[in-house]
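The values are calculated or read from the model by the stated rules, or taken from the named source; none is laboratory data. What you see is a predicted model; the values in this text were computed from it and never measured. Counting neighbours? That spans all protein chains shown, and the Cβs are built from the backbone with ideal geometry, glycine included.
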Amino acid sequence: MTIHKTYTLSEATKKLESYCAYQERCHKEVVDKLHLMRMIPEAIDEIVVHLIDTNYLNEERFAKSFARGKFNIKKWGRKRITLELKQRNISRFNIKTAMEEIDNTSYLETFDILANKRLAQITETNLLKKRKKLAEYLLYRGWERDLVYSKIRELIP
């Protein structure tokens with residue numbers, strides 16, 4: 001039998017303050033963490049309200065930070081970022097706000113660089129298969145279909 005550590009309300013609150021201070025979190029992550037800590041629903045509600053009131057937890061700030069990070073570091077497209085935010089139960093308004101963090105010019109430049117870089121890595125000689133590999137790569141990363149297919153037509157005539 002496993003013995004789980006139990007937390008008082010103040011211990012759990014301090015632990016979650018540190019958890020949120022370390023990096024931006026969404027409500028879902030915080031609630032999941034509290035469930036893992038075996039906190040009762042009333043305590044979870046109280047801690048979440050405290051974290052929001054003290055600005056440890058801010059969903060708009062999380063969404064903006066998430067969108068910037070995934071675009072700048074992982075080179076994800078808007079569709080993938082939006083999907084990931086939806087899976088974290090982020091509101092439509094906050095998703096829209098987060099998407100505004102991505103500058104359209106740098107978005108298209110990044111897409112162009114990514115497509116060219118990937119194309120250079122594909123060793124396939126069959127043009128159809130080459131197009132398919134490039135399309136799958138870019139679509140998986142969440143780039144819009146119309147962008148992907150027009151870029152493929154441009155790069156692999």
Residues of the stretch 130-157 being under 15 Å from Lys117 (Cβ atoms), at pLDDT 95 or above and in a loop (DSSP other than H, G, I, E, B), in sequence order, are Arg141, Trp143
Qualifying positions in the stretch 136-157 - buried (at least 17 other Cβ atoms within 10 Å of the Cβ) and among the small types (Gly, Ala, Ser)
Gly142
Out of all the residues in the stretch 36-60, which are assigned to a loop (DSSP other than H, G, I, E, B) and either within 25 Å of the chain's Cα centre (by Cα) or surrounded by fewer than 17 Cβ atoms within 10 Å (Cβ to Cβ) (or both)?
Met37, Arg38, Ile40, Thr54, Asn55, Tyr56, Leu57, Asn58
Cβ-Cβ under 6 Å pairs, at least 6 apart or on other chains, the stretch 66-88 side free of Cβ contacts under 8 Å to residues at least 40 places away in the same chain, far side surrounded by 13 or more Cβ atoms within 10 Å (Cβ to Cβ) and acidic (Asp, Glu):
Ala67/Glu101; Arg68/Glu101
Being over 14 Å from Asn55 (Cα atoms) and of a type in the set (Gly, Ala, Ser) is the filter; apply it to the stretch 1-35 and report the residue that is surrounded by the most Cβ atoms within 10 Å (Cβ to Cβ).
Ala12
Write out, first by first residue and then by second, each pair whose Cβ atoms fall under 6 Å of each other, whose residues are 6+ apart or on separate chains, and whose first residue, in the stretch 48-65, is within 15 Å of Lys15 (Cα to Cα) while the second is part of a loop (DSSP other than H, G, I, E, B).
Leu51/Leu57
